[in-house]
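The values are calculated or read from the model by the stated rules, or taken from the named source; none is laboratory data. Computed from a predicted model, the values in this text were never measured in an experiment. Ideal geometry is used to build each Cβ from the backbone, glycine not excepted, and the neighbour counts take in all protein chains shown. When the accessible area is computed, the model is the full protein with side chains, heavy atoms only, and any ligands, DNA or RNA have been set aside. Shrake-Rupley method; radii C 1.70, N 1.55, O 1.52, S 1.80 Å.
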Amino acid sequence: MTKKSKLGIRAVGRKEYEKYLSGEKLTHKQITYARCFFCMNGYFDGKVSCEAPDCPNFQIMPYRKIKWD
């Protein structure tokens, strides 16, 4: 298994998380996407919402299905 395949599937946040791991600077949006990718364990179980509306990042979570009021 290669290092990249250990990071998770190809999804929003993976590229940003790889940049973070290599020490590159990230924008606030990139940080948020990288955090979602990390928190969702690389989306190994699919590109789905975390369904955690209490999370501060939930408003911009890439795969959320719940409408934000």
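Each row is one residue, and each column tells you yes or no for (1) under 13 Å from the mean Cα position of the chain (by Cα); (2) at pLDDT 85 or above; (3) surrounded by 10 or more Cβ atoms within 10 Å (Cβ to Cβ).
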site: 4; (1), (2), (3): no, no, yes
site: 12; (1), (2), (3): yes, yes, yes
site: 16; (1), (2), (3): yes, yes, yes
site: 37; (1), (2), (3): yes, yes, yes
site: 53; (1), (2), (3): no, no, yes
site: 61; (1), (2), (3): yes, no, yes
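Taking each residue of region 33-45 that is over 11 Å from residue 11 (Cβ atoms) and looking for partners that are of a type in the set (S, T, N, Q) and open to solvent by 10 Å² or more (accessible area, probe 1.4 Å) with beta-carbon atoms closer than 9 Å, six or more apart or interchain, yields 35/57; 39/57.
Within region 51-65, residues that are closer than 15 Å to residue 38 by Cα and of a type in the set (Ser, Thr, Tyr) sit with their Cβ atoms under 9 Å from residues that are in a loop (DSSP other than H, G, I, E, B) and open to solvent by 40 Å² or more (accessible area, probe 1.4 Å), at 6+ positions apart or across chains, in these pairs: 63/12; 63/47; 63/48; 63/50.
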